[in-house]
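One structure is given here, and the rest of the page talks about it.
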Amino acid sequence: MKLNWKVALVFVAAFTCAPLAFADVTVSDAWIRSTVPGQTVAGAFMRLVSTAQTALVEASSPAAKFVEIHEMTKDGNVMKMKAIDRLPVPAEKPVELTPGGYHMMLFELKSPLKAGDKIPMKLTFEDRSAKRFSVDVEATVRPLGADTAPPKP
């Protein structure tokens, strides 16, 4: 078999010019606050770490009609919450989603969330080359009043 040097050159160039860093995102300590009867929204919190620069661009859960990525900011003495289109996740720098900071809101919950429930979520990320990939997460529902610390055994 005779190798065409032009084909070989194109093949080598394609692989050497391809982006070297594909993000691998680790999600840990995922939790959601429990709800009271009639409550149709809940906050979700977690820690994100990526091996390469990426951004969280979308989230969903079968427990809610839709999920938004939010940020909290202080305007004078007032805390304001607003939806954002993307949350940057720098390479090797943990991003904490916490009460009072970045977080996700689950809207139009399909049923109340009780402490101990496990809620599936799908997080969609976009890397620097605009390639999207998803990470499946299982968030544990914590009792009302829970802070960012994991429950004690």
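Hey, any hits in the range 108-129 for a residue that's among the polar types (S, T, N, Q) and either farther than 23 Å from residue 23 by Cβ or touching a Leu at 6+ places or on another chain (Cβ under 8 Å) (or both)? Yes: one or more hits. Close contacts from the range 103-119, counting a first residue that is without any contact (Cβ under 8 Å) to a residue 12 or more places away in the chain and under 10 Å from residue 67 (Cβ atoms) and a second that is surrounded by 15 or more Cβ atoms within 10 Å (Cβ to Cβ) and not β-branched (Val, Ile, Thr), with Cβ to Cβ under 8 Å and a gap of 6+ residues or different chains, come to none at all.
All of 132, 142 fail the test of being of a type in the set (Lys, Arg), surrounded by 15 or more Cβ atoms within 10 Å (Cβ to Cβ) and touching a strand residue (DSSP E or B) at 6+ places or on another chain (Cβ under 9 Å), apart from 142. So, of the residues in the range 2-58 that are surrounded by fewer than 10 Cβ atoms within 10 Å (Cβ to Cβ) and at pLDDT 50 or above, which turns out to be farthest from residue 145 (Cα to Cα)? Looking at the filtered set, the residue picked out is 2. Among the listed residues 74, 118, 82, 122, which satisfies the condition of being within 12 Å of residue 59 (Cα to Cα) and among the basic types (Lys, Arg)? None of the others qualify; the one that does is 122.
From the list 36, 25, 41, the one residue that fits, being among the aliphatic types (A, V, I, L, M), under 19 Å from residue 124 (Cα atoms) and in contact (Cβ under 8 Å) with a residue 24 or more places away in the chain, is 25.
Within the range 77-93, is even one residue farther than 14 Å from residue 41 by Cα and in contact (Cβ under 8 Å) with a residue 60 or more places away in the chain? The answer is yes; a qualifying residue exists.
The values are calculated or read from the model by the stated rules, or taken from the named source; none is laboratory data. This one's a predicted model, so the numbers in the text were calculated from it and none came from an experiment. Virtual Cβ from ideal backbone geometry, glycine too; neighbours counted across all protein chains shown.
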